Structures are given as C-alpha cells and as structure tokens.
Amino acid sequence: MDEYIERYGAEKVWAATVVLLFGGIAIAALLFPQRVYVDFIWQYYWGPVVADAYGWGEVAWADGEQINANDAGPDDGPFASPGYTAVSYAGYIPTLILMAIGILFAIRRLDIDRYRAGFFALFPFMLFGGALRTVEDANVAAYRETGELAIQLPWSGFLISPLIYFTVALIAFIAVVGSVWLEQNDHVSGYEYPLFGVGAVVLAVTVGWLGYLAATTEYASFYPSIPAIVLTAATVSTALVWWGIQRFAPGLNAGTGTMGIVVIWAHAVDGFANQLMLDWSHVWGLGYSPKHPVNEAIVTYTGSIVPAGVTEVIGEAWPFALLKLAAPVFIIWIFNEEIFEESPRFAILMMITVVAVGLGPGTRDMLRATFGV
C-alpha cells in the first residue's frame, strides 16, 4: 500500500479505493440481486432504515413490497429491525473512516488554516443534525396518526441514522466550500462568518418546521419548559465544571482551550436531556424509555442498588448525567497541545466529531420531547 501511495499519491489511492469498493458492490447487486441486494444490502442496511421510518418493530421484504412484519407470513422474509448489527457495523465503520479521510483531503485542498474558527463556525450544524433527526421522529408520528408518511421514502431514509450523518456532512461540506470561496475571492473577511450563518439558517428553518407542525397538527405539541430545563442545567453544570478545571487543573485544557467549553456543554445537553426524559417525562404526559444500551444499563443498575424511596425523589438516570460531565473532561485531557501542534486538521476533526456525538443525540432527545414526537 505504501508503494502505491508513494507512486500515485494518497488522494488518488483513496479515490480509487472508494470507486472500486462501492462500484464493485453496485455491480454485484445488479448481477446477483437476491443474494447481494436482498439478503445483504436490504436486510442489514436499508431494511432497518425502512422499519425505523415507519416506527415498526420489524419489516418484511415480501417480494419488494416491504410490509410490517406483523402482517407478514413466514415466507415473506428476510426480515429487518431498526438499529445496528455486527454486520451493519462492519460496513458503516469503514465507510465513516473513508469519509473522514476524504474530508481531511478536502480541507487540505481548500487550504484552510484557521481551524479553530471553523470549529466554532460549524457549531450550528451540530445542533442542526439533532433537529433534522427530530423531523423524522415527527414523520413517524404523522404515520401513526394518519397512516401516511409526511416525507416519503426514500427521502425520509436520509434523516435516519446512520444516513443522516452523511446528509448533515454533505450540507456542511457544501457550506464550507462556498464559504471558503467567498473568503478567497475577498467577498468576506473570514470564511467562518458565512459558514456560521448558513448553519444558523438551516437550524432555524428545521426548528421552525417543527414549530409549524406543533401549531397545525394533532400529532405534535409544544412543551417550552423542557428545553428551558435542559439548557439551563447543561449551562450551569458546564460553568461549574469549567470553573473547577480553571481553578484546580488549568493545564488540563491547554490543548483545546475554549473549545473545551463546547465539548462539555454538548455532552451535558445529552446527559440532562436523557435524565429529564427517562425520569420525569410522565410530568408532561410523555412516554419515554431508554433507546441506548448504556442508558438502559445505568437505569437498571441504579434501580437495583438505590432504595426505591430515593429513586422516587431523584430518579434513576442521574448517573448518566454525571457520566456525560466526566467523559468530556477526560477527552479534553487527552487532546493536549502536542496533538494540536502535530496534526491540527485531524485534532479539530476529532473535536467536531466528539461534539457531534454528544450534541446530535442530545438535541434530538430534547426537541423530540419539546414537540411531543
């Protein structure tokens, strides 16, 4: 591999790998539709998306009709359920790695040098990802209420994990390219300003659409106290944690600087959104249960060791909120000055990923409850 990289260049080798890999899969699917497409691609990759889009526990292939497994017979398989499997992870992880490498090549081509400015400019896009996923939650609510999807497949599939990551990344990448072009042609003083503006606009439009649904449909509502509680708790706890770092371990954030505040706040939003909904969703008449194994394990473990009288007062999910405050501090400590000096592009990309991993699900959980979908 090193020989090919040295001879043709890393970017050409990357491009050839992408073309050969996905082109080969496409050709195999055309030549062997049942074995490759139905039994592999559909069952492990697209089928779970379809099931998620309709809110079904399982979907049946049914000769391409794709129906609820509850209405299917034993010969209507294969069947697929929402979520991930070992097979899907084996496909998604290499794909995400290839995408990350491509983004690094693109950043180098764009000749971006103010990476930290780009980090803060991309902040609205990290919120946008969670808001866009909530649109799909509203789509499922519409199907439950009316029997029809407001946004039809396959388009709604691009709002579901993991495809939504590619959707948001593509929108952000187009915004980055356009913003850098504006700066290089002296239309703006810095690419970060139009980039932040684009992110703010798509975020506002998305949340505005959810607000429109809440005002005009029966399947969506509006509970403003939920984001007020989550954002206040996340902001106050972030301020306290950051004060503790500055007071007792100021060298810990030498590498990330003020980016560390964003990292902590992003995961605090995730932690408190989950705690509020898992323990207190009944206050708003909402039904909410753990969707991730870590959440479920923490709730189960806390409930088994803490007396019932105590959990009735403080709930069972509070350890998750504490974990989501501790984990980003550890991450900040790992990303020291040396990492940012040796590979600033990679370090910033990882910081963006860390924030997105916390803020995306956290924003979705908060908005999903806020709009009752």
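The values are calculated or read from the model by the stated rules, or taken from the named source; none is laboratory data. As the structure is a prediction and not an experimental result, all values here were calculated from the model. Virtual Cβ from ideal backbone geometry, glycine too; neighbours counted across all protein chains shown. For the accessible areas, the whole protein counts, side chains as well, though only heavy atoms, and no ligand, DNA or RNA atoms are used. Shrake-Rupley method; radii C 1.70, N 1.55, O 1.52, S 1.80 Å.
Miscellaneous remarks
- Alpha-carbon centroids, region 189-262 and region 33-52: separation in whole Å: 36
- To the nearest 10, the accessible area of Leu349 is 20 Å² with a 1.4 Å probe.
- At full extension, Leu231 and Phe32 could sit 66.5 nm farther apart than now, given 0.36 nm per residue minus the alpha carbon distance.
- Overall Cα dimensions of region 315-354 - principal axes, largest extent first, Å: 44, 16, 6
- GNM on the chain, alpha-carbon springs under 10 angstrom: the most fluctuating residue among Ala16, Ala254, Ala321 is Ala16.
- Against the rule of thumb 2.2 N^0.38 Å, how large the Cα Rg of the chain comes out: 1.07
- Cβ-Cβ FRET estimate between Ala239 and Ala200, R0 fixed at 30 Å, reported to 0.05: 0.80
- Rolling a 1.4 Å probe across all protein chains gives Asp52 an accessible area of roughly 40 Å².
- Debye intensity ratio I(q)/I(0), log10, region 24-171, q values 0.09, 0.13 Å⁻¹ (C-alpha model): -0.36, -0.71
- Net length available on complete extension from Thr216 to Trp14 is 67.9 nm, with 0.36 nm assigned per residue and the Cα-Cα distance removed.
- Global geometry of region 170-266, whether rounded, prolate or oblate, following the gyration tensor of its Cα atoms and the 1.5 cut on a/c: oblate
- Ser281, Ser81, reordered so the largest accessible area comes first (probe 1.4 Å): Ser81, Ser281
- Nearest-10 value in Å² for the accessible area of Phe120, using the 1.4 Å probe: 80
- Mean residue ellipticity, 222 nm, helices only, the chain: the sum of -39500 (n - 2.57) across DSSP H runs of n ≥ 4, divided by residue count and rounded to 500, is -23000 deg cm²/dmol.
- For the chain, modelled as a GNM whose springs connect Cα atoms under 10 angstrom apart, the maximal fluctuation among Ser237, Ser343, Ser179 occurs at Ser343.
- Cut-off of 10 Å, at most 14 other beta carbons, DSSP loop: longest stretch of the chain lacking such GluC sites (Glu not before Pro): 219-373
- Coupling constants for region 231-238 follow from the phi torsions by the Karplus curve (6.51 cos²θ - 1.76 cosθ + 1.60, θ = phi - 60°), and in residue order they are 5, 5, 4, 5, 5, 5, 5, 5 Hz; glycine and proline get x.
- Within the accessible area of the chain (1.4 Å probe), percent carbon and sulfur: 66
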